[in-house]
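Chemist: Have a look at this one before I ask anything.
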Amino acid sequence: MQLKPEQLPAALARGLAPVYLLAGEEPLLVADAASAVRGAARAAGYDERVVHEVERGFDWSLLRGEAASLSLFAQRRLIELRLGSGKLAEDGIAALCDYLAAPPPDVLLLLTGDGFDKRTRDSGWFAACDRAGVVMYAWPLEVAALPRWLVARARGLGLALDEQAAALLADLTEGNLLAAAQELDKLALLAPPGGALDRDGVLQAVGDSTRYATRDLADAVLAGDRLRLTRALAHLQDSGETPILALWQLTQDLQRLIDGNSFGQPPRRRELIERAARRHPPRVWQGLLAQAARVDRANKGVGGGVEPWQALTALALRMAGPAKAGRQSSAHPQRS
């Protein structure tokens, strides 16, 4: 039986299969699934666990021996084989297929692996796993599905992420599930009473130095202060940050300039937005929003070789407008 990662918990709650094959392109999803199977096995009385790394030259008689031997410590045992790429030699295929043809009682076999190529997924032993138990293959999440995954994972940590917060976190972690999971773990420690987090709550969790520089950048762009925005960009780049948070802030301001709506902004920012809106006609701001989308593609590595920080700098300078003679930035010292 083949399941998607999100279907596995419900299947485990209904009872254990004799064999689980868990592999895929998303290591975090595979690791989470394996942890869930181990937990369900412990709850069902599989008190002994034996783990083997299947490498070149692996002795497959160990599988037969482990399955047939009696344990002095437990009546039920979990045998875990880590298959890596899943490219098995002939002796391994034969031993595994023999086992799968008649899995022994009181033994649960857990097979884990990395991404398998199509030939491996179409192999006879892969199909035998499907017939004997459960196969879960974790494909990469689509971009549109990542915020939903974040909301569900946050719920398991006692957090309530709204849609905007999840979308921001998805952008900040650039689709990397492991990075997203780590950020959620941090947020769980910083969450306010009740565990609810909105977009501003996620932003508040970003380091102070990054947050200040991003805020300085956005305000300098609205004020048309090219020297100050250049310094803020340099600070962000030197701190090792990706451009995504700064780009997100500039994109939000572009949308406000296009809509002519500064609702919810502090008085000083409302004034900056209203003044900046007079700098260009709406069609120019709309064109700059399209330029921001190109910066986003560059940051994701699909920008045709465009360097993300250079693209972000070009966008910020165009938003700020032409340089003005005698402009000074001393009234706005850079925060660090």
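The values are calculated or read from the model by the stated rules, or taken from the named source; none is laboratory data. Everything quoted here is computed from the prediction, not taken from an experiment. Counting neighbours? That spans all protein chains shown, and the Cβs are built from the backbone with ideal geometry, glycine included. Just so you know, the surface numbers come from the protein's heavy atoms only, side chains and all, with ligands and any DNA or RNA stripped out. Shrake-Rupley method; radii C 1.70, N 1.55, O 1.52, S 1.80 Å.
Chemist: At a probe radius of 1.4 Å, what is the per-residue accessible area of K87, in Å² to the nearest 10?
Modeler: 130 Å²
Chemist: On to the next question. How large is log10 I(q)/I(0) at q = 0.10, 0.14 Å⁻¹ when the Debye formula is applied to the Cα atoms of the chain, each weighted equally and without solvent?
Modeler: -0.73, -1.05
Chemist: Still on this structure, I have one more. Per residue of the stretch 152-161, in order, report the coupling 6.51 cos²θ - 1.76 cosθ + 1.60 (Karplus, θ = phi - 60°) as ³J(HN,Hα) in whole Hz, putting x for Gly and Pro.
Modeler: 5, 5, 4, 4, x, 9, x, 10, 10, 9
Chemist: Right, here's the next one. Of all the accessible heavy-atom surface of the chain, with the other protein chains kept in place and a 1.4 Å probe, what percent is carbon and sulfur?
Modeler: Heavy-atom surface of the chain belonging to carbon and sulfur, 1.4 Å probe: 52 percent.
Chemist: Here's a follow-up. Roll a 1.4 Å probe over the protein heavy atoms and report the accessible area of Y137 in Å², nearest 10.
Modeler: So the heavy atoms of Y137 present about 20 Å² to solvent.
Chemist: What residue among A298, T251, A234 has its Cα farthest toward the positive end of the dipole of the stretch 234-304, where the charges are +1 on Lys, Arg and -1 on Asp, Glu, each on the Cβ?
Modeler: Checking the options against the dipole of the stretch 234-304, the answer is T251.
Chemist: Rounding to the nearest 20 debye, state how big the charge dipole of the stretch 243-329 is about its Cα centre with +1 on each Lys and Arg Cβ and -1 on each Asp and Glu Cβ.
Modeler: Dipole size: approximately 260 debye.
Chemist: Please state the charge dipole magnitude for the chain, taken about the Cα centre, from unit charges on C-beta atoms (+1 on K and R, -1 on D and E), reported in debye and rounded to the nearest 20.
Modeler: 1580 debye
Chemist: Computed FRET efficiency, Cβ-Cβ of E271 and E25, R0 41 Å: what is it to the nearest 0.05?
Modeler: The formula returns an efficiency of 0.25 here.
Chemist: How much solvent-accessible surface does C97 expose, in Å² to the nearest 10, with a 1.4 Å probe and all protein chains in place?
Modeler: About 40 Å², rounded to the nearest 10.
Chemist: For the chain, what is the accessible area per residue in Å² when the probe is 1.4 Å?
Modeler: 52 Å²
Chemist: Give, as a single signed number, the net charge of other residues whose beta carbon lies under 15 Å from the beta carbon of D117, with Lys and Arg counted +1 and Asp and Glu -1.
Modeler: The answer is +1.
Chemist: Now, a different point. Based on Cα coordinates alone, diagonalise the gyration tensor for the stretch 1-57, multiply each eigenvalue by 5, take square roots, and list the semi-axes in whole Å, largest first.
Modeler: The three semi-axes for the stretch 1-57 are 19, 17, 10 Å.
Chemist: Beyond 20 Å, what share of the Cα-Cα pairs of the stretch 1-118 remains, rounded to the nearest whole percent?
Modeler: Here the tail beyond 20 Å accounts for 42 percent of pairs.
Chemist: If I fit a long axis through the Cα atoms of helix 177-190 and take the longest principal axis of the Cα atoms of the chain, what angle between them do I get, 0 to 90°, rounded to 10?
Modeler: Once rounded, one gets 70 degrees.
Chemist: What value does the stretch 93-165 have for Rg/Rh, both radii from Cα atoms and Rh as Kirkwood defines it?
Modeler: For the stretch 93-165, the value is 1.16.
Chemist: Tell me the net charge near L108. Cut-off is 12 Å between Cβ atoms, L108 excluded, with +1 for each Lys or Arg and -1 for each Asp or Glu.
Modeler: 0
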